[in-house]
Amino acid sequence: MSLQNTMRALADPIRREILNLLKQGRLSAGEICDHFPVTGASVSRHLSVLKDADLIRDTREGKFIYYDLNASVLEEILLWISDLKGADTHAEEV
């Protein structure tokens, strides 16, 4: 996992909203598109960036592709941020 790819993926509000949608369970690309006022190609690009950052996974079932959240990567990021916060807090106490 590249932290740079992950942060770039999380920087976009549409991609963050896609992650919020997937929090509730897997969705097809079409179901995800229904939530946004952008083209299907644009949503597809956002999904590709999220997949490249390993934040989501896709599964093909027949002619549909379903996406779900890869929570393990998000947990790693939260641990890293928590570690940074802990280091800052400790530095302020000294």
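The values are calculated or read from the model by the stated rules, or taken from the named source; none is laboratory data. Nothing here was measured: the structure is a model prediction, and the numbers come from that model. Cβ: placed from backbone, ideal geometry, glycine included. Neighbour counts: every protein chain shown. Just the protein is used for accessible areas: all its heavy atoms, side chains included, with ligands, DNA and RNA removed. Shrake-Rupley method; radii C 1.70, N 1.55, O 1.52, S 1.80 Å.
Here are some notes:
- In the list (i) 46; (ii) 52; (iii) 70, the label attached to percent of Cα pairs over 17 Å apart as derived from the coordinates here is (ii).
- Ranked from largest to smallest solvent-accessible area, with a 1.4 Å probe on the protein heavy atoms, 85, 63 come out as 63, 85.
- Straight-line cross-link partners of residue 85 among the aspartates and glutamates, defined as a Cα under 20 Å from its Cα and at least 8 positions apart when in the same chain: 75, 76, 93.
- Amide H to amide H, with H built 1.01 Å from N, residue 12 comes under 5 Å of no residue 5 or more places away or on another chain.
- Under 22 Å from the Cα of residue 51 - lysines, other chains or at least 8 residues apart: 23, 63
- Residues whose amide H lies under 5 Å from that of residue 56, counting only those 5 or more places away or on a different chain, are 51, 70; hydrogens are built 1.01 Å from N in the peptide plane.
- Residue-count net charge about residue 27 - beta-carbon cut-off 13 Å; Lys, Arg +1, Asp, Glu -1: -3
- Distance from segment 48-63 to segment 15-35 (C-alpha centre basis), Å: 11
- Long hydrophobic helices in the chain, taken as whole DSSP H segments with a C-alpha length of 30 Å or more on their own axis and mean Kyte-Doolittle hydropathy at least -0.5: 71-93.
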